[in-house]
1. Out of the strands (runs of 3 or more DSSP E) lying entirely within region 45-154, which hold 2 or more residues that are modelled with pLDDT under 90?
2. Give just the number: which of (1) away from the ligand (no atom under 16 Å from the Cβ); (2) touching a residue at least 12 places away in the same chain (Cβ under 8 Å); (3) assigned to a helix (DSSP H, G or I) does residue 273 not satisfy?
3. Filter region 222-244 down to residues that are assigned to a helix (DSSP H, G or I) and farther than 27 Å from residue 296 by Cα, then give me how many there are.
4. Yes or no: residue 297 buried (at least 17 other Cβ atoms within 10 Å of the Cβ) and out of contact with any helix residue (DSSP H, G or I) (no Cβ under 6 Å at 6 or more places or on another chain)?
5. Can you find even one residue in region 73-80 that is touching a residue at least 24 places away in the same chain (Cβ under 8 Å), within 12 Å of the ligand (Cβ to nearest atom), within 18 Å of the chain's Cα centre (by Cα) and under 18 Å from residue 340 (Cα atoms)?
6. Out of the residues in region 277-296 that are touching a strand residue (DSSP E or B) at 6+ places or on another chain (Cβ under 9 Å) and in a loop (DSSP other than H, G, I, E, B), state the one that is farthest from residue 263 (Cα to Cα).
7. Could you list, in sequence order, all residues of region 36-59 that are at positive phi and more than 7 Å from the ligand (Cβ to nearest atom)?
8. If only one of 363, 337 is modelled with pLDDT of 90 or more and in a helix (DSSP H, G or I), which one is it?
Ligand SMILES: Cc1cc2nc3c(=O)[nH]c(=O)nc-3n(C[C@H](O)[C@H](O)[C@H](O)COP(=O)(O)OP(=O)(O)OC[C@H]3O[C@@H](n4cnc5c(N)ncnc54)[C@H](O)[C@@H]3O)c2cc1C
């Protein structure tokens, strides 16, 4: 028997179908465009309202270097038939470059195609990185045991601390300790948040689609454009108020334009809802507010550096190891995947926050300084840091899969 909410949904769908009013979708990121496309194909009238002057949201393919560089999302995580984007990507003949299979301990990378360096430019022997990777996997297993059977949650950082107290044999020293911090830095990059702010149970429970991780080497833009094709989209239209009255919805923009709709689908980032930037009337129900409270937002930025030629090892990823995850660095080498001599520096969490406070030039200098630490001889081929050779993108609000944890501790 259908539940109350599915009956409500069914009657809302019926009403929208028979209404002369459109369904308004708020936000033209991939979620909004995906929803609008499905509705359009099912015969509904749809209007999309987008606050920026472009579509795509946190998908942003930049062409300033003369070829596509994704400054927002760039991987298809889960390159398999079950991924709803797969048929679209296949129909557009967009090639994927696989950076790792599904069991990569380094999240979206394989151990085979990386080069790690210490702060003095010495390459970390690959077998040492593999050895630390094995310890990291043991840590994960211990954290699973720690959290098993409890509904309480702690941060990843806390979980690691507790496990290391219980299992001092997993505590590493010297270069191995630094490599372990790089693994943690990668975990922080995956969640776009520091280890103190990532829910350990969410991390452990997270399930990914199979098929590994494929880089969209021609950029994500064609996917966004295909979804948006033929849809009625209003740009520069920031919604500030959504009111439900008499079976209809009234959506008001910041410049006081009003849209009447049979229904509204809200596809703005979590951070926008958490910051209460859109007023709902009647207010959102308590269960939705509780769900918003339960999740946090994080940050990941990208700085793309364009070189005259590639002057670094032919691996997918370059990184610096350090005594803290904050001090570690991480670059994606687009040269291996695309042939273009571009490195993309990808800070996350607190580091992304700090870098965001710098000017674009200073942020780029910081990224180059990190590169010089790894490869002191690599600085010369860098073209002068003009806007044409550097592209910096700051996403102020991004959804991190983070859940706050109660202050109560796990009872050991
Ligand atoms: C640097 C970076 C790298 C990433 N890499 C990957 C990756 O490789 N693979 C991957 O799968 N994911 C990646 N992600 C995450 C991915 O980009 C996002 O999960 C996804 O794009 C979110 O889509 P969305 O439609 O939910 O939100 P968004 O893309 O944020 O879209 C929301 C839209 O709502 C608009 N909006 C906000 N407020 C209002 C308002 N009041 N009125 C009207 N419009 C409004 C925004 O302008 C925006 O266009 C990355 C994210 C970042 C920042």
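1. Filter on region 45-154 gives 96-100.
2. The one condition residue 273 does not meet is (1).
3. In the first step, residues of region 222-244 are kept if they are assigned to a helix (DSSP H, G or I); the result is 222-228.
Of the ones still in play, those that are also farther than 27 Å from residue 296 by Cα are 222-223, 225-228.
Summing the residues that are assigned to a helix (DSSP H, G or I) and farther than 27 Å from residue 296 by Cα in region 222-244 gives 6.
4. no
5. Our first condition is that a residue be touching a residue at least 24 places away in the same chain (Cβ under 8 Å); within region 73-80, this holds for 73-80.
Remaining after also requiring within 12 Å of the ligand (Cβ to nearest atom): 73-79.
From what is left, the residues that are within 18 Å of the chain's Cα centre (by Cα) are 73-79.
Narrowing further to those that are under 18 Å from residue 340 (Cα atoms): 74-75.
For region 73-80, residues touching a residue at least 24 places away in the same chain (Cβ under 8 Å), within 12 Å of the ligand (Cβ to nearest atom), within 18 Å of the chain's Cα centre (by Cα) and under 18 Å from residue 340 (Cα atoms): present.
6. Once the filter is applied, the top-ranked residue is 295.
7. Once the filter is applied, which keeps residues that are at positive phi and more than 7 Å from the ligand (Cβ to nearest atom), region 36-59 yields only 43.
8. Working: 363 fails: modelled with pLDDT of 90 or more.
Result: 337 is the single residue among 363, 337 that is modelled with pLDDT of 90 or more and in a helix (DSSP H, G or I).
The values are calculated or read from the model by the stated rules, or taken from the named source; none is laboratory data. As the structure is a computational prediction, the values presented were derived from the model and not from experiment. Note that each Cβ is placed from the backbone with ideal geometry, even for glycine, and that neighbours are counted across all protein chains shown.
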